[in-house]
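The values are calculated or read from the model by the stated rules, or taken from the named source; none is laboratory data. This one's a predicted model, so the numbers in the text were calculated from it and none came from an experiment. Cβ placement follows ideal geometry from the backbone for every residue including glycine, while neighbour counts extend to all protein chains displayed.
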Amino acid sequence: MHPRKIKSSRGWDNQLILQLMLLPALLTLLIFSYLPMFGIVIAFKDYNVLDGLFGGAWVGFDHFREMFGDERFHSALRNTLAMSSIKLVVTFLAPVLFALILNELPLARFKKWTQTLTTLPHFLSYVIIATLTMIFLDPKGIVNGLLQSLGLTNGPIEFLAEPGHFWTLGASLDLWQETGWGAIIYLAAITGINTEIYEAAKVDGAGRLRTIWHINLPAIRSTIVVLLILNIGSLIYGGSNFNQSYLLGNVFNRDTSYVLGYYTLDNGLLQMRYAFATAVDLFQSCISLVLLLAANWAAKKINGSNIF
Amino acid sequence: MNAIKLTWEDKAVNAAAVLIALVLLIVAAYPLYYVLINSLNDGADAASGNIYFYPRKFSLENYSMVFKQNYLITGLGMSVARTVVGTAAAVLVTAMAAYALTKENLRFRKLYLAMAIVTMYFSGGLIPLYFVLNELHLLNNFLVYVLPSLFTFFHCLLFMAFFRELPKELYESAYIDGANDLYIFFKLVIPLSMPVVATISLFVGVNHWNDYFVPSFFISRESLQTLPVILIRLLSLSEAQQQIQQYLGNHQSKVTMESLRYATLFVSILPITLLYPFVQRFFVKGMLVGSIKA
């Protein structure tokens, strides 16, 4: 049968079925992604409950002016950027190293176990991670006990009550949670390398370390670059920042733990300053959009391919 | 390893790799093990500390206490309900959309794709979403767990990449037999796509099981709260103390607030720990396909 004939005989019925299959997803996008975008107008309005979304007087950029004048906004912006940048530097190479090490493990079963157990933390709720953190880093907890018995510190370290530790703590938690997960994609790329290349290298007398350096690493280089760029794109919303700020932040570490996501929540849902919080969110969205587009552009330049 | 003779370099690399892997293995897994052994230890006895390798005074009382607390049972039930319903619905909606989007003859295909891509870059933000939920009477409604997360474009991309790999002949012979796309999707495509269905189900299911944001800020009714919210309350021990006092009354028990917390923690960790190793073999492959295609 001729393919064109099949297509025409299916015609409208099938088009209708395809459209219906897409409809639930389309409605979800329209209602929960696109409808809220119209709500952004209140960032430029004097919102109050009685007038509704589209009533209220226009106030132009007043909310933004107030935001830039607020000391807590400056603190939140600084903390967000600092935490995201530290995490970017600390966490982006760890999965690469871990994948290279996993690939060298001699026993297949041991390798599988290591991979399974180190990936597991990725799937834990942040509530659980926060609870574990509090248990382990308690002044009387196991980490402080270990540090003291090794003679590394004299008294217990107040990991959660001292503002100076929070950024390091955040990055460490990311390392703990995401290194195993991040390694999966690199390991898959290394596993895909043609075995003939290894054999050729062996014939040429290359040892294990040289093989890693000259074959494995170049094979995952483009993946490293793409993921690095993607991470730069998400600097502002930076995955775990809000979770850490909300669940591990307290009155003692507030100076370093308070991030933009929490600032929005604080002003919006807790103090019910809806218009102001929407302005803060819009500011975040715009910066993150710029970063994402720039990242995508850079990836295109380097890799010759679009990420999305 | 084969009978090939190992050089000293091979041995050194092996030893270093095993050593580093062991350390990381312990660092990753020990906290969870610590929770397990403490949850299995008599509460009063555990208060003196120093339980690091195995339960000192074995007891299942903490767990029986967990399953006697009404608020924990309700939370557990609600977590299960939202995870099962939310995951099934989201996987179905996303897979159907992905199937339709792989069909070149779908009208407005480019427009739909563009609309979906925009949502990866830009969102209305928290407050406008809150208003929409309020208008639709979804606040304090079980459906707020399900509806907003029905469709995720990233998961859709993974489905699309998988569907495109399926043999073309599959569709063509079915079309000739007069089957429509709905029939083909349910009877032919889905049964062949179990690896990607399992992978996405795990991703979506984990998000549902772990989420604390929606119940914290979009739900205030106690009967709709999920396990993570209850865990947040147990985070502050003084509050946990109050809760326990409230439920224990004057009963003598060796369960302490801390031991109850360990047991609750482990109950919430367990489902993922059990499910995930089975799904793992699928998603390693799925991620690779996805990363190449996307």
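Numbers below:
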{"quantity": "Contacts under 6 angstrom Cβ, first residue in segment B:137-157 being in contact (Cβ under 8 Å) with a residue 60 or more places away in the chain and facing another protein chain (nearest Cβ under 9 Å), partner assigned to a helix (DSSP H, G or I) and among the β-branched types (Val, Ile, Thr), 6 or more apart", "calculated": "B:LEU150/A:THR28; B:LEU150/B:VAL93; B:PHE151/A:THR28; B:PHE151/B:VAL93; B:PHE151/B:THR94; B:CYS156/B:THR94"}
{"quantity": "Tally of residues being without any contact (Cβ under 8 Å) to a residue 12 or more places away in the chain, crowded, with 20+ Cβ neighbours inside 10 Å and of a type outside the set (Gly, Ala, Ser) across segment A:111-130", "calculated": "2"}
{"quantity": "Residues being at the interface with chain B (Cβ under 7 Å from one of its Cβ atoms) and within 12 Å of A:PHE64 (Cα to Cα) - total across segment A:266-292", "calculated": "4"}
{"quantity": "Test result for A:LEU247, within 9 Å of another protein chain (Cβ to nearest Cβ), in a helix (DSSP H, G or I) and surrounded by 17 or more Cβ atoms within 10 Å (Cβ to Cβ)", "calculated": "yes"}
{"quantity": "Subset of segment B:97-121 [facing another protein chain (nearest Cβ under 8 Å) and either crowded, with 16+ Cβ neighbours inside 10 Å or in contact with a Lys or Arg (Cβ under 7 Å, 6 or more places away or on another chain) (or both)]", "calculated": "B:ALA97, B:TYR99, B:ALA100, B:LEU101, B:LYS103, B:ASN105, B:LEU106, B:TYR112, B:MET115, B:ALA116, B:THR119"}
{"quantity": "Total residues in segment A:149-173, condition without any contact (Cβ under 8 Å) to a residue 60 or more places away in the chain and farther than 20 Å from A:LEU132 by Cβ", "calculated": "7"}
{"quantity": "Test: residue in segment B:47-60 that is assigned to a helix (DSSP H, G or I) and more than 30 Å from A:TRP12 (Cβ to Cβ)", "calculated": "no"}
{"quantity": "Residue satisfying all of: in segment B:19-46; surrounded by 18 or more Cβ atoms within 10 Å (Cβ to Cβ) and without any contact (Cβ under 8 Å) to a residue 12 or more places away in the chain; farthest from A:ALA206 (Cα to Cα) among these", "calculated": "B:PRO31"}
{"quantity": "Residue in segment B:43-55 that is farther than 30 Å from B:THR226 by Cβ and modelled with pLDDT of 90 or more present", "calculated": "no"}
{"quantity": "Positions within segment A:65-122 being aromatic (Phe, Trp, Tyr) and over 15 Å from the mean Cα position of the chain (by Cα), in sequence order", "calculated": "A:PHE68, A:PHE73, A:PHE98, A:PHE110, A:TRP113"}
{"quantity": "Unique match (being surrounded by 18 or more Cβ atoms within 10 Å (Cβ to Cβ) and more than 8 Å from chain B (Cβ to nearest Cβ)) among A:ALA82, A:ALA108, A:ALA57, A:ALA76", "calculated": "A:ALA76"}
